[in-house]
1. Any residue at all in segment 95-110 that's in a helix (DSSP H, G or I), over 30 Å from residue 159 (Cβ atoms) and hydrophobic (A, V, I, L, M, F, W, C)?
2. For segment 76-86, give me the residue count where each residue is without any contact (Cβ under 8 Å) to a residue 12 or more places away in the chain and surrounded by 14 or more Cβ atoms within 10 Å (Cβ to Cβ).
3. Please state which of the following conditions residue 148 fails to meet, knowing it meets all the rest: (1) surrounded by 19 or more Cβ atoms within 10 Å (Cβ to Cβ); (2) at pLDDT below 95; (3) not aliphatic (A, V, I, L, M).
4. So the check is Cβ under 7 Å with 6+ separation or different chains; which pairs have a first residue in segment 45-69 that's in contact (Cβ under 8 Å) with a residue 40 or more places away in the chain and of a type outside the set (Gly, Ala, Ser) and a second one that's in a loop (DSSP other than H, G, I, E, B) and surrounded by 15 or more Cβ atoms within 10 Å (Cβ to Cβ)?
5. Counting just the residues of segment 55-75 that are acidic (Asp, Glu) and exposed (fewer than 13 other Cβ atoms within 10 Å of the Cβ), which one comes out nearest to residue 41 (Cα to Cα)?
6. Surrounded by fewer than 20 Cβ atoms within 10 Å (Cβ to Cβ) and in contact (Cβ under 8 Å) with a residue 24 or more places away in the chain: does that describe residue 12?
7. Picking from 113, 89, which residue would you name as being free of Cβ contacts under 8 Å to residues at least 40 places away in the same chain, closer than 27 Å to residue 162 by Cβ and not hydroxyl-bearing (Ser, Thr, Tyr)?
8. Considering each of 21, 11, 44, 17 in turn, give the residue that is in contact with a Lys or Arg (Cβ under 7 Å, 6 or more places away or on another chain) and modelled with pLDDT of 95 or more.
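The values are calculated or read from the model by the stated rules, or taken from the named source; none is laboratory data. Being a predicted model, the structure only gives us computed values, none of them experimental. Because the Cβ atoms are built from the backbone with ideal geometry, glycine has one as well, and the counts that use them run over all protein chains shown.
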Amino acid sequence: MSAVADCADVLDRVVLLVDSLKEEEWTAPTPCEEWDVRAVVAHLLDVEQRFLANLTREAVRTDLTLRENAALLTAAFQAEGALERVVPDRLGDITGLTLLNILMMEHLAHGWDLGRAVGRDPSFDEEVAARTEEFARLMSPEVPPALRRFDAPQPVSPQAPAIDQLAAFLGRKIPA
């Protein structure tokens, strides 16, 4: 699979989980301690809108759903030269491919948070989660402390699934 196809799959799995939420689940606490389910989804919408604006350099609509934003992002990343293009970000000027990997990391981590909050596993691809953890480990030293949004890495069994390895690296406590 290509990086764009991998990202589209991750986004789709998060969208399916969000679409399945029952009314009472929107206020459930998440492993991302300061946010409930509604706040995590709002954060993902914000990330998607910001990244779409960065990638396309166009104003984006703020009234779109997670599904609609995911479709627009996927199309934007599929555009010729999108992955090689240098785009502005709060980390500085980065390539579209780096932006895509950050988007995947955000959705894997927060999709994991949402799944834990409501007891449903988004069933992320193990290889994609493992590659994203490698990316997170490589990027971590490049992120200025003022921009770090995840907690310190937590212990996790080396035999844990790749998504749990990523979540633990990003500060989530993994139940034994």
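1. yes
2. Adding up the residues that qualify gives 0.
3. Among (1) surrounded by 19 or more Cβ atoms within 10 Å (Cβ to Cβ); (2) at pLDDT below 95; (3) not aliphatic (A, V, I, L, M), the lone unmet condition for residue 148 is (1).
4. 55/82
5. 63
6. In short, yes.
7. Selected residue: 89, the only one of 113, 89 that is free of Cβ contacts under 8 Å to residues at least 40 places away in the same chain, closer than 27 Å to residue 162 by Cβ and not hydroxyl-bearing (Ser, Thr, Tyr).
8. Answer to the selection: 17.
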